[in-house]
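One structure is given here, and the rest of the page talks about it.
The values are calculated or read from the model by the stated rules, or taken from the named source; none is laboratory data. Because the structure is a prediction, the values reported are computed rather than measured. FYI the Cβ positions are ideal-geometry reconstructions off the backbone, even for glycines, and counts take in every protein chain you see. Surface areas here come from the heavy atoms of the whole protein model, side chains and all, with no ligands, DNA or RNA. Shrake-Rupley method; radii C 1.70, N 1.55, O 1.52, S 1.80 Å.
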Amino acid sequence: KMAILFDLNIKIKTPLHIGDDDSRKWSAFSDYVLKDNYVCFIDQKKLDALFEHDERLMEDYIQMIRRSRGKSSGIFSLEVFLKRNNIPVSKVLSAQKIAVEGNLQGAEIHPFISSNGKRFIPGSTIKGIIRNALALDYVVQNPGIKDRILRYLGTAKKIESFHKFEQEIFGESAN
């Protein structure tokens with residue numbers, strides 16, 4: 001098989017988030033600060049170096065995070081913590097930043113899937129969108145299948161046998 005690569009500009013008409021694996025989240029505790037409508041990322045080596053040179057600073061940092069856990073207001077801010085300790089935020093920032101539109105709420109950011117810093121929509125997602133559009137068109141053109149599907153879903157049959165409807169819509173090889 002040969003991969004064909006090209007860039008597309010897509011206008012999204014509804015909210016869209018295709019996340020990277022769920023274990024990867026950016027935290028306001030240690031990964032970023034908000035500055036001038038940008039998410040500015042922390043250089044972890046620079047932050048670690050601060051803590052290595054000042055054990056008290058590390059203890060204060062841990063205590064502030066512990067006190068803010070589970071609170072709906074007063075979420076810990078690394079920027080405020082650094083200012084309270086007379087440390088310029090610029091001392092721990094990396095060069096990487098991302099523009100933010102609107103109001104960023106919450107302490108965690110779930111990143112969009114990306115490769116080498118470029119966001120993308122996986123082929124499986126695009127295939128799913130196309131399959132959904134084709135299935136909807138088929139159901140609109142053949143109203144009888146909608147009733148059969150609804151009757152089927154009303155029974156306690158296993159979802160695996162839903163394959164017969166996929167075959168009707170997409171042909172013998174439903175994939």
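Quick notes on this structure:
- Where L136, L34 fall by accessible area, highest first, once all protein chains stay in place (1.4 Å): L136, L34
- Probe 1.4 Å - accessible area at F170, Å² to nearest ten: 60
- Less than 5 angstrom separates the built amide H of D43 from those of L93, S94, all sequence-distant by 5 or more or on a different chain.
- Region 124-134 - phi-based ³J(HN,Hα) in whole Hz, Karplus 6.51/-1.76/1.60, Gly and Pro as x: 5, 5, 5, 4, x, 5, 5, 4, 5, 5, 5
- Where D60, D7 fall by accessible area, highest first, once all protein chains stay in place (1.4 Å): D7, D60
- Solvent-accessible area of D54 with every protein chain in place, 1.4 Å probe, in Å² to the nearest 10: 50
- Taking T125, T155 and ordering them by how much accessible surface each has at a 1.4 Å probe, largest first, produces T155, T125.
- Per-residue SASA entry for Y32, accessible area with 1.4 Å probe, Å² rounded to 10: 10
- In this label model, D147 and E166 are separated by 2.6 nm, measuring between points 7 Å along each Cα→Cβ vector.
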